[in-house]
1. Per DSSP helix of 4 or more residues, -39500 (n - 2.57); summed, then divided by the residues of the chain. What does that give at 222 nm, rounded to the nearest 500?
2. Could I get the Rg over Rh figure for the chain? Both from C-alpha atoms, Rh via Kirkwood, rounded to two places.
3. Just to be sure I understand: of the beta bridges DSSP finds with both ends in the chain, what percent are antiparallel, rounded to 5?
4. I need the calculated FRET efficiency for the pair ASP22 and ASP68, taking r as the beta carbon distance and R₀ as 22 Å, to the nearest 0.05.
Amino acid sequence: MSSLLGLLGLGRNAGALVIGADAVHRALQQGRIYCVVLASDASGRAREKVVRLARGRQVPLVAGPDADAIGIQLGKPPVMAVGVRDRALADGLVALAPDSPEEA
């Protein structure tokens, strides 16, 4: 998971991330996301908003660490979902963590 968190940190520095379930949901609707990292402890509401839409649009889902760990890495409060707007970064994240989170 530390490699995944490291890539998320690089993505944040590059401005290639959409942070938070609501923002990720909007970006998925606009077709601007190449993968979604979902916190292992994401709420049912966050999972419902993000997972169904990501799967419907065939956007890969990556199982991430808990929301606290993601938030700390991104300098934010706990983060349940992160969308990746850069294709190469998304490919790297998917290669690191091929597990797909389960639906709520």
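Every number here is computed from the coordinates shown, using simple stated rules; none is lab data. Bear in mind the structure is a predicted one, so any value in this text is a computation, not a measurement. Backbone-built Cβ (ideal geometry, glycine too); neighbour counts: all protein chains shown.
1. -15000 deg cm²/dmol
2. Rg/Rh: 0.90.
3. For the chain, the DSSP antiparallel bridge percentage is about 70.
4. Working: r = 19 Å, r/R0 = 0.86.
That gives a FRET efficiency of 0.70.
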